[in-house]
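**Student:** This is the structure I have questions about; it appears just below.
The values are calculated or read from the model by the stated rules, or taken from the named source; none is laboratory data. All values reported here derive from a predicted model rather than from experimental measurement. Glycine gets a Cβ as well: all are built from the backbone with ideal geometry, and neighbour counts include every protein chain shown.
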Amino acid sequence: MFSVLLPAAGSGKRFNSTASRRQSPIPLEDKLLRDISGRTVLQRAVGLFAGRPEVEKVLIVTGAERFDGYRQHLAKMIDMEKLAFVAGGRERWESVLFGLRFLAEGGGGVGDVGGAPRFVAVHDAARPLTPAAVIEEAFRVTAERGAALPCVAEPATLKRRGADGAVSETVSRANLFQAQTPQCFDFAKLLAGYEALLKEGRLADVTDDAQVFERCGHPVPITAGSPLNLKITTAEDLALARALAGPVAGP
């Protein structure tokens, strides 16, 4: 029922800049290959979906120069018939669109056989610790309602900064949520939405896939996210993930 699309074409500039400022003893490298308690960020992210029976394909959208290395890196994590790669774009939205087009051309079936998937889940490759319950609820609600957006309620007091650098107002956090992934959708509607917004020139400011559904007038049900579902953006995030991760079971 589902294909999972992992955008992984970013350069990791923010991560490497924070690691450099902290004078990290680890050489600057692809953040997805950093270790978290015996498995890398990428291995953990793929492992979230590799064994799920409702997932037919895991598609990694990244630079073509990474295909072989990532494939070898993931050899013990997933059945290779379930794994596919396609080259990404300059922006995240472009990478997702390239991935959707690949799946529409038949890349969604096991062994690249068959048509497009019924549903697609877009998950940040840099979110390695997503609890199984978050994925299960998002999949269930998508099967019932055509979309699902895992979120956590905004816990902080929010301030708006004025032109002078001082606080100009306190912003109410009522009904505000932090969006997470996997963001799940009816595949045909998401692809059609991307193509329509591309023609209209309305994709440049899109930062997540739910915005595409929103702009096309499709409802996006909110499902339960988790504070554990952090995204590795900075060196500090990696340190936190290492503190949160339990021991790895199995090979």
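**Student:** For the range 117-155, give me each residue that is small (Gly, Ala, Ser) and either modelled with pLDDT under 95 or closer than 13 Å to residue 180 by Cβ (or both).
**Tutor:** The answer is 121, 126, 133, 138, 148, 153.
**Student:** The conditions are (1) among the hydrophobic types (A, V, I, L, M, F, W, C); (2) at pLDDT 95 or above; (3) over 29 Å from residue 203 (Cβ atoms), and residue 77 fails exactly one of them. Which is it?
**Tutor:** Only one criterion is unmet by residue 77, namely (2).
**Student:** Sticking with this one: Of these, 136, 169, 154, 144, which one is touching a Leu at 6+ places or on another chain (Cβ under 7 Å) and either more than 20 Å from residue 93 (Cα to Cα) or not small (Gly, Ala, Ser) (or both)?
**Tutor:** After applying the criteria, what remains is 154.
**Student:** Mind checking which residues of the range 137-191 are hydrophobic (A, V, I, L, M, F, W, C), more than 14 Å from residue 226 (Cα to Cα) and under 21 Å from the mean Cα position of the chain (by Cα)? Walk me through how you get there before you give the answer.
**Tutor:** Of the range 137-191, the ones hydrophobic (A, V, I, L, M, F, W, C) are 138-139, 141, 143, 147-149, 151-153, 156, 158, 163, 166-167, 171, 174, 176-177, 179, 184-185, 187-188, 190-191.
Remaining after also requiring more than 14 Å from residue 226 (Cα to Cα): 139, 141, 143, 147-148, 156, 158, 163, 166-167, 171, 174, 176, 184-185, 187-188, 190-191.
Residues satisfying the conditions are 139, 141, 143, 147, 148, 176, 184, 185, 187, 188, 190, 191.
**Student:** To continue, here is another question. For the range 81-116, how many residues are more than 18 Å from the chain's Cα centre (by Cα) and at pLDDT 95 or above?
**Tutor:** 1
**Student:** Mind checking which strands (runs of 3 or more DSSP E) fall wholly inside the range 134-251 and carry at least 1 residues that are basic (Lys, Arg) and surrounded by fewer than 19 Cβ atoms within 10 Å (Cβ to Cβ)?
**Tutor:** 158-161
**Student:** Looking at the range 112-125 only, could you name the residues that are touching a Pro at 6+ places or on another chain (Cβ under 9 Å) and either free of Cβ contacts under 8 Å to residues at least 24 places away in the same chain or outside any strand (DSSP E or B) (or both)?
**Tutor:** Passing the criteria: 123, 124, 125.
**Student:** Which of the residues belonging to the range 48-64 are closer than 20 Å to residue 96 by Cα and touching a residue at least 24 places away in the same chain (Cβ under 8 Å)?
**Tutor:** 48, 49, 50, 55, 56, 57, 58, 59, 60, 61, 62, 63
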